[in-house]
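*Asks:* One structure, pasted below without further comment.
The values are calculated or read from the model by the stated rules, or taken from the named source; none is laboratory data. What you see is a predicted model, and the numbers here were worked out from it, not measured in a lab. Because the Cβ atoms are built from the backbone with ideal geometry, glycine has one as well, and the counts that use them run over all protein chains shown.
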């Protein structure tokens, strides 16, 4: 990154993040997800040419991190060229998968693409439960075989665990993941309703928690961070903020979706996040889309709420610089020295293990 690009990044409040679901097709049958309900005749992938134009637009829009998901993204026929173009544009690429389609040959093809993060989903603390829930016999043993190969290519995979009733005993889940070969884990917060086109949710009892139950989950994760055999990537501050929201208390770190974070579906329509129904426009025009910054606290989606805690300090710095440019000296100083910035900075240091 050049000095000019770094200065521009600071003035913009840090890097942007975009998650693209490149296909609505999936080869798993998870009960807390609606992707398995897509009829075979309605399974689609993103248009290759439009997607490639969209990646260039993302770069113009200041997006630095691009997460590729689905459905199951390894089913997308243009996945490798997409990742290669992202690498060419200096985007930090994140790939999320259930892992069943990983092969030694594919892993070797991923090696020169220099992915930032490789995420594999796990649902339960035993191979039998996980494979049964996914509807993919032998999935867990396959993941166990692939992890050393991923690590040999320089990828240290992250386990992604959706909080559900299948997890049950969190310490048991941690030891199961360690036994598989994982060193890091991130928890996805349960979703049983979304208003966008994204289908990563279901009205299923396994993820139908009361606010009090979710509050208890978040407390357990915070306590487990002290003794877990794996590095838990969810920040304490982010978990605490969601607990404040669940308890009806004032939220200190509003979501930055629509301002720094975006979601794009397989039709290449941009939304501010998974939760809201309104679309902002086509991906090819994301650099021209008016940004949204309305301090939303409508959901508890980890993809947006946790990073918003990390990036609060960067956005505050940009706000301070803007105020000083307008000769609003006291406003800029007050924004810069706000105590929430120090909390955010502490969370960002805690989140360094994402790097």
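Okay, residues lined up against (1) touching a residue at least 40 places away in the same chain (Cβ under 8 Å); (2) in contact with a helix residue (DSSP H, G or I) (Cβ under 8 Å, 6 or more places away or on another chain); (3) crowded, with 21+ Cβ neighbours inside 10 Å:
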{"residue": "134", "(1), (2), (3)": "yes, no, yes"}
{"residue": "138", "(1), (2), (3)": "no, yes, no"}
{"residue": "154", "(1), (2), (3)": "yes, yes, no"}
{"residue": "164", "(1), (2), (3)": "yes, yes, yes"}
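*Asks:* Right, here's the next one. Identify all residues within segment 20-49 that are over 15 Å from residue 74 (Cα atoms) and in contact with a helix residue (DSSP H, G or I) (Cβ under 8 Å, 6 or more places away or on another chain); write none if there are none. Break it down stepwise before answering.
*Replies:* Here is the first cut: in segment 20-49, the ones over 15 Å from residue 74 (Cα atoms) are 29-34, 36-42, 47, 49.
29, 30, 31, 32 - these are the residues of segment 20-49 that are over 15 Å from residue 74 (Cα atoms) and in contact with a helix residue (DSSP H, G or I) (Cβ under 8 Å, 6 or more places away or on another chain).
*Asks:* Do you know which residues across segment 252-283 are assigned to a loop (DSSP other than H, G, I, E, B) and farther than 10 Å from residue 304 by Cβ? I'd like the intermediate steps shown before the answer.
*Replies:* Step one: of segment 252-283, the residues assigned to a loop (DSSP other than H, G, I, E, B) are 252-256, 258-260, 265-268, 272-278.
Those that are assigned to a loop (DSSP other than H, G, I, E, B) and farther than 10 Å from residue 304 by Cβ: 252, 253, 254, 259, 265, 266, 267, 268, 276, 277, 278.
*Asks:* Still on this structure, please answer the following. Which of the residues belonging to segment 284-304 are at pLDDT 90 or above, part of a helix (DSSP H, G or I) and out of contact with any strand residue (DSSP E or B) (no Cβ under 6 Å at 6 or more places or on another chain)?
*Replies:* Passing the criteria: 284, 285, 287, 288.
*Asks:* Can you tell me which residue among 305, 293 is more than 30 Å from residue 44 (Cβ to Cβ) and either within 20 Å of the chain's Cα centre (by Cα) or buried (at least 18 other Cβ atoms within 10 Å of the Cβ) (or both)? Give the derivation first.
*Replies:* Numbers: 305 fails: more than 30 Å from residue 44 (Cβ to Cβ).
Every option except 293 fails the conditions.
*Asks:* Within segment 231-251, track down each residue that is within 21 Å of the chain's Cα centre (by Cα), part of a loop (DSSP other than H, G, I, E, B) and over 20 Å from residue 165 (Cα atoms).
*Replies:* Once the filter is applied, which keeps residues that are within 21 Å of the chain's Cα centre (by Cα), part of a loop (DSSP other than H, G, I, E, B) and over 20 Å from residue 165 (Cα atoms), segment 231-251 yields 233, 235, 251.
*Asks:* Still on this structure, I have one more. Do we have residue 256 as in contact with a helix residue (DSSP H, G or I) (Cβ under 7 Å, 6 or more places away or on another chain) and buried (at least 21 other Cβ atoms within 10 Å of the Cβ) here?
*Replies:* Values: in contact with a helix residue (DSSP H, G or I) (Cβ under 7 Å, 6 or more places away or on another chain): yes; buried (at least 21 other Cβ atoms within 10 Å of the Cβ): yes.
Here the answer is yes, as residue 256 does meet what is asked.
*Asks:* Residue 99 - would you say it is buried (at least 22 other Cβ atoms within 10 Å of the Cβ) and assigned to a loop (DSSP other than H, G, I, E, B)?
*Replies:* Details: buried (at least 22 other Cβ atoms within 10 Å of the Cβ): yes; assigned to a loop (DSSP other than H, G, I, E, B): yes.
Considered against the rule, which asks whether it is buried (at least 22 other Cβ atoms within 10 Å of the Cβ) and assigned to a loop (DSSP other than H, G, I, E, B), residue 99 comes out as yes.
*Asks:* For segment 69-95: of the residues being in a strand (DSSP E or B) and out of contact with any helix residue (DSSP H, G or I) (no Cβ under 7 Å at 6 or more places or on another chain), which is surrounded by the most Cβ atoms within 10 Å (Cβ to Cβ)? Explain how you work it out, then say what you get.
*Replies:* Step one: list which residues in segment 69-95 are in a strand (DSSP E or B), which gives 69, 92-95.
So of that shortlist, the ones also out of contact with any helix residue (DSSP H, G or I) (no Cβ under 7 Å at 6 or more places or on another chain) come out as 69, 92, 94.
Values: 69: 22, 92: 18, 94: 20.
Applying the filter and picking the extreme gives 69.
*Asks:* Exactly one of these conditions fails for residue 218: (1) crowded, with 20+ Cβ neighbours inside 10 Å; (2) modelled with pLDDT of 95 or more; (3) under 30 Å from residue 53 (Cα atoms); (4) touching a helix residue (DSSP H, G or I) at 6+ places or on another chain (Cβ under 9 Å). Give me its number.
*Replies:* It is condition (3) that residue 218 fails.
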